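These notes concern the structure reproduced below.
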């Protein structure tokens, strides 16, 4: 199974766990929208690996990407490729996964664009009018009042809006004005785009719905407090709004608010209006800080010291094997390489012999697909001062990209993967993206 696929599964489980935490906290602070933004951020923190990926891409020497293969072969037996099937499978699986993601993403994005265009056409059909000191736009159909327009937000009201008592009209208009002041119309679109990008994670969609609920709860309480409205009067006006939201024509609007609230959600909303809960901001803040600390600690464990610290000090080098049986030195010319100089050193040792890094560093490649398949299972380690070391034909890889490795730590074992006639370690040392003689750095 491709490693990115496993990461996605782990991320989905993490999202579900954080969603449970958010639902518990939301019981004590239902109107807190910051909670949902924070939970979303905590969901993404452990898997924001862009610095690591950037380091990996930038640190692969061009001479390795050109496909030049610098290993030597013992002129005994037949050269045979091993490990290519795994690389081919991984590559094809990744291509299929990426294409599947892009296909569904395109479908969902297209649907979103169609819905947004339908909403824009609906807004264009509205008639501008002045009511109770507000400039509003009356629609030719019935739906809940809403706000639309990124740069110039406007309040749109349903066809029957002016049949309501003036007090209820004022309540609903103040409610929409509160949405504008909090830029909720922008937040709703941002959340919807996030759910489209993360369509494969069902918990993100649930977080979006949790945010929309909190947004409405907050708007209700702020409107009542700011405009000194009676909770009973506000609840009565809201009930009329619920009736309009249940009409079939309201679907064009409701698709941008994570779907219509069900009866239980509406009941909960009315309860909070008539019997507001006491704020538990201190408890919520403490819980968020604790969750943030836990998430960041885990992220630090996953990617601890993922970028090599450049220092001016001398690197302490060591040999990668206990047995130094050199079968092909650096610069050796062979017919098997079309008489090109050998760019590394080959050590002939038994299969399974532990391999250790020549110096401390960070792993940037640990697979059999990034570089030429002739390398087989290969590890590339980034050291300080522009140095890198490459270990090819490994039987086993025990590290992952982004991991810090130390001298004496086993990073893999000797094998015969890739194009090789027998088990051996092919070691290359590079400095500033140029292959150099191993003996220039090792005594």
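Any idea which of 242, 200 is outside any helix (DSSP H, G or I) and either at pLDDT 90 or above or in contact with a helix residue (DSSP H, G or I) (Cβ under 6 Å, 6 or more places away or on another chain) (or both)?
200
Can you list the strands (runs of 3 or more DSSP E) found entirely within the stretch 355-443 that contain at least 3 residues being more than 17 Å from residue 315 (Cβ to Cβ) and touching a strand residue (DSSP E or B) at 6+ places or on another chain (Cβ under 6 Å)?
377-382, 387-397, 412-414, 418-420
Take the stretch 163-177 and flag every residue that is part of a helix (DSSP H, G or I) and either touching a strand residue (DSSP E or B) at 6+ places or on another chain (Cβ under 8 Å) or surrounded by fewer than 20 Cβ atoms within 10 Å (Cβ to Cβ) (or both).
Residues satisfying the conditions are 163, 166, 167, 168, 169, 170, 172, 173, 176, 177.
For a quick check of your reading: which helices (runs of 4 or more DSSP H) sit entirely within the stretch 1-114 and have at least 3 residues that are in contact with a helix residue (DSSP H, G or I) (Cβ under 8 Å, 6 or more places away or on another chain) and at pLDDT 85 or above?
Counting at least 3 such residues, we get 3-28, 33-44.
The values are calculated or read from the model by the stated rules, or taken from the named source; none is laboratory data. Worth saying up front: this structure is predicted, and the values here are computed from it rather than measured. Don't worry about glycine lacking a Cβ; one is built from the backbone with ideal geometry, like all the others, and counts go over all protein chains shown.
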